[in-house]
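Written out below as structure tokens is the structure these notes cover.
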Amino acid sequence: MIGVFDSGVGGLTVLKALMRELPAEQFVYLGDTARLPYGTKSPATVARYALQAAEALSACGIKCLVVACNTASAVSLPAVRAHLAPVPVIGVIEPGAEAACAASPSGRIAVIATEGTVRGGAYQQAILQRRAQAEVRALPAPLFVALAEEGLTDGPIAEAIAHHYLDALFTPAGATPAADTLVLGCTHFPMLAGAIRATVGPEVRIVDSAETTARHVRVTLAQAGLACLGGQGGLRLLATDAPERFARIGARFLERPIRTDEVELIDL
């Protein structure tokens, strides 16, 4: 069984990619909906929450943990890895940074994320560790989170907000675009991929950290001899608060109906 956790429903985009990449695997997903958002909390608090979520998933007998939260990935991976060793623990930032470095012809890379993720600089550091000469621009796009949760993922409202955030980077008048590659550095943002693509144009390479993380998990499991080679996959959903809201909004992210009684309420 593979454990996945996030502060809420955004990590379901990572879960969806994982289920496509590893259809024979069993998954358990934990959304810490009682304490979201993590992005406004201190690093020490986020690390404590992440350890509690990891412990709850460890009790389910997981063979791998995916930290499907950019904020938690930025501040808690060393502590979670030490706590769960030898179970592999994979965050979303490192795979996204690696894919961006490989994708960008010029090394001009933009990252959009929540304010907390941008402020912490984790994507910038991860990209520069892999490609020291890269030029990295990171900007917060907090309204994308609200649009994704409200289901306003395409159409004039989504495209207007995308232009608001991205025009300065990708359509500067009479100048070379500031970036040729864009990292979607928040688990909500793949929901707005269509509006983002319409704004930045066809030439920009878009890196979806959910997809890159799923591929990284597949490779990690195969190398460790932990991959499930047959059988039918399954899913267990856990939340720390408001299972009705989790089911309603999460269905958009997972792209399948979620019944309220499918969401188990747990206390961390």
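The values are calculated or read from the model by the stated rules, or taken from the named source; none is laboratory data. As the structure is a computational prediction, the values presented were derived from the model and not from experiment. Here the Cβ positions follow ideal geometry from the backbone for every residue, glycine too, while neighbour counts run over all protein chains shown.
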Query raised in the report: Can you pull out the residues in the stretch 158-172 that are among the acidic types (Asp, Glu) and under 11 Å from LEU192 (Cβ atoms)?
Result: GLU159
Report task. Tell me, yes or no, whether the stretch 155-173 has at least one residue that is under 25 Å from VAL67 (Cβ atoms), in contact with a helix residue (DSSP H, G or I) (Cβ under 7 Å, 6 or more places away or on another chain), surrounded by 16 or more Cβ atoms within 10 Å (Cβ to Cβ) and outside the structural domain of ILE249 (by TED's automatic domain parsing). Result -> no
Query - Top-ranked residue of the stretch 29-45 - restricted to ones that are in contact (Cβ under 8 Å) with a residue 12 or more places away in the chain and aliphatic (A, V, I, L, M), ranked as surrounded by the most Cβ atoms within 10 Å (Cβ to Cβ) - result: LEU30
Query raised in the report: How many residues, within the stretch 1-32, are assigned to a strand (DSSP E or B) and among the β-branched types (Val, Ile, Thr)?
Result: 3
**Report entry** Among (1) surrounded by fewer than 17 Cβ atoms within 10 Å (Cβ to Cβ); (2) touching a residue at least 60 places away in the same chain (Cβ under 8 Å); (3) among the basic types (Lys, Arg) - the single one ARG48 does not satisfy
**Finding:** (2)
**Report entry** Residue count, the stretch 25-46 (criterion: modelled with pLDDT of 95 or more and either aliphatic (A, V, I, L, M) or touching a Gly at 6+ places or on another chain (Cβ under 6 Å) (or both))
**Finding:** 7
Requested in this report: Determine which member of the set ALA214, ALA193, ALA251, ALA198 is closer than 23 Å to CYS60 by Cα and in a helix (DSSP H, G or I).
Outcome: ALA214
Report task. Would you check which residues across the stretch 70-115 are under 23 Å from ARG197 (Cα atoms) and part of a loop (DSSP other than H, G, I, E, B) and list them? Result -> VAL92, SER104, PRO105, SER106, GLY107, THR114
Query raised in the report: Of (1) free of Cβ contacts under 8 Å to residues at least 12 places away in the same chain; (2) over 14 Å from ILE206 (Cα atoms); (3) more than 17 Å from the chain's Cα centre (by Cα); (4) assigned by TED's automatic domain parsing to the domain that holds GLU203, GLY151 satisfies all except one. Which?
Result: (1)
Requested in this report: Hey, could you check the stretch 220-235 for residues that are surrounded by 13 or more Cβ atoms within 10 Å (Cβ to Cβ) and hydrophobic (A, V, I, L, M, F, W, C) and say which is farthest from VAL92 (Cα to Cα)?
Outcome: CYS228
